[in-house]
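Novice: Handing you this structure, nothing more for now.
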Amino acid sequence: MKRTARAFWLSSPGHGEICDVTLPDPSAGEVVVRSLYSGVSRGTETLVFRGGVPESQYAAMRAPFQEGDFPAPVKYGYLSVGLVEEGPEALVGRTVFCLYPHQTRYVVPVDAVTVVPANVPAERAVLAGTVETAVNALWDAAPLLGDRIAVVGGGMVGSSVAALLARFPGTRVQLVDADPARAKTAEALGVDFATPGEALGDCDLVVHASATEQGLTRALELLTTEGTVLELSWYGDRQVSLPLGEAFHSRRLVIRSSQVGSVSPARRSSRSYADRLALALDLLADPALDALVTGECGFEQLPDVLPRLASGEIPALCHRVRYDELT
């Protein structure tokens, strides 16, 4: 039986299109997944859409099921939720998450899909990849009971980190963003909110996720002596300047990077990638995380929607794509 699908491709920087594709026949150990929803992570995916991946990072930035090469043409994405139509009996009919681009149907190995828990709606499960990033970040950051913490940058990743930190007992957690509208997101997640000028200082830990030079500078300013900034932002091909003179050395401040491509060294000996993703999906049972989905469109609208997401015309954390019209 000939299986066909439709996929979103970045045809050239700033321009996308929907293309017809023919799917391979599934072999033993593979599944056919019909997409229900996918998610657009506004930070990384719009940077890719603009052609902002530096050549030195082409290999590091490849998504698991990416086709084509940067800058374009390329099929890119990694937040897909679908229904298994064919495969092992134990999986047929199950809702699964997969790190797959925006496509109506696809064939992947069995070990590339993770079953979505019954108490997690498929609509919310598109956040799994970003919550997984937040899990890895907090394994890296290792916050302690009673810490004073700021999360600078209320985008999709920063808000996910703040949502998980809200569960830590005895901590002071503040989401810091230049956009006052993010106060509603913070309230829904159960954390305090401040603009950069109002943020509380003397922080033991600052998680930076604004992807701006100004945000990283402010993150350093908010630290207490010997405090740590955990840097989650990725700047693509942009250069960033920092005030590493002044009191940076005398206060013994730390800037540490974190990236989801590797399991945190703090858990690498005892947790696999699959364990980390399964934990992220379990955490998505919390309905408060619905606040991270701020827009939705149909799959066929993606060529018109992504330029508007990239320009900021559509302000979004996670923009959800639905496929129900195509089933």
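Novice: Going by amide H atoms built from the backbone, whose H comes under 5 Å of the H on GLY227, apart from near neighbours?
Specialist: So GLY227 has HN proximity to VAL254.
Novice: What are the ³J(HN,Hα) values, in whole Hz, obtained from phi via the Karplus relation 6.51 cos²θ - 1.76 cosθ + 1.60 with θ = phi - 60°, for each residue of the stretch 123-136 in sequence order, with x given for Gly and Pro?
Specialist: So the J values, rounded to whole Hz, are 4, 7, 5, 4, 7, 4, x, 6, 5, 4, 4, 5, 4, 4.
Novice: So how tilted is helix 273-283 from the main axis of the chain? Cα-based, degrees 0 to 90, rounded to 10.
Specialist: It works out to around 80 degrees.
Novice: What residues have an amide H closer than 5 Å to that of HIS102, excluding those fewer than 5 places away on the same chain, when H is modeled at 1.01 Å from N in the peptide plane?
Specialist: Counting only residues 5 or more places away or on other chains, the set is PHE8, TYR76.
Novice: Which net charge results when you count Lys and Arg as +1 and Asp and Glu as -1 among the other residues whose beta-carbon is under 13 Å from that of THR195?
Specialist: Around THR195, the charge tally is -2.
Novice: Let me ask something additional. Which residue, CYS19, CYS203, CYS98, tops the fluctuation ranking in a GNM of the chain built on C-alpha contacts under 10 Å?
Specialist: Of CYS19, CYS203, CYS98, the Gaussian network model singles out CYS19 as fluctuating most.
Novice: Another question, then. For the stretch 130-257, what relative contact order do you get, as a whole percent, if you take Cα pairs closer than 8 Å and at least 6 residues apart?
Specialist: Dividing the mean separation by the residue count of the stretch 130-257 yields 22 percent.
Novice: What are the residues whose amide H is under 5 Å from the amide H of CYS203, where those residues sit 5 or more places off or on another chain and H is modelled from the backbone?
Specialist: When sequence neighbours closer than 5 places are left aside, the close amide H contacts are LEU223, THR224.
Novice: Using θ = phi - 60° and the Karplus relation 6.51 cos²θ - 1.76 cosθ + 1.60, list the HN-Hα couplings for the stretch 245-255 in order, rounded to whole Hz, with x at every Gly or Pro.
Specialist: Those phi angles translate into x, 6, 9, 4, 7, 5, 8, 6, 7, 10, 10 Hz.
Novice: Turning to a different aspect of this structure: First check a/c for the stretch 130-257, with a ≥ b ≥ c the square roots of the eigenvalues of its C-alpha gyration tensor; if it is under 1.5, answer rounded, and if not, answer prolate when a/b is larger than b/c or oblate otherwise.
Specialist: Because its axes are fairly even, with a/c under 1.5, the stretch 130-257 counts as rounded.
Novice: So for ARG268, ARG50, fewest C-beta neighbours within 10 Å to most, what's the order?
Specialist: ARG268, ARG50
Novice: Next up: How large is the charge dipole for the chain, taken about the Cα centre, if only the Cβ atoms of Lys, Arg (+1) and Asp, Glu (-1) carry charge, to the nearest 20 debye?
Specialist: Computed charge dipole of the chain: roughly 340 debye.
Novice: Toward the positive end of the charge dipole of the chain, about the Cα centre and with charges on Cβ (Lys, Arg +1; Asp, Glu -1), which of ALA90, TYR323, THR44 goes farthest?
Specialist: ALA90
Novice: Using label points projected 7 Å from each Cα along Cα→Cβ, tell me how many nm separate SER56 and GLU89, to one decimal.
Specialist: Distance between the two pseudo-spin positions: 5.4 nm.
Novice: Something else: Could you sort the peptides 174-181, 154-161 by per-residue average Cβ neighbour count (10 Å cutoff), highest mean leading?
Specialist: Put in order of decreasing packing, that is 154-161, 174-181.
Novice: Could you go through the stretch 174-181 in sequence order and give the Karplus-derived ³J(HN,Hα) for each residue, using 6.51 cos²θ - 1.76 cosθ + 1.60 with θ = phi - 60°, rounded to whole Hz, and x for Gly and Pro?
Specialist: Coupling constants for the stretch 174-181: 10, 8, 10, 8, 6, 8, x, 5 Hz.
Since every read-out is calculated from the coordinates, none of them should be taken as a lab result. Because the structure is predicted, anything quoted here is derived from the model rather than measured. Glycine also receives a Cβ, built like all others from the backbone with ideal geometry; neighbour counts cover every protein chain displayed.
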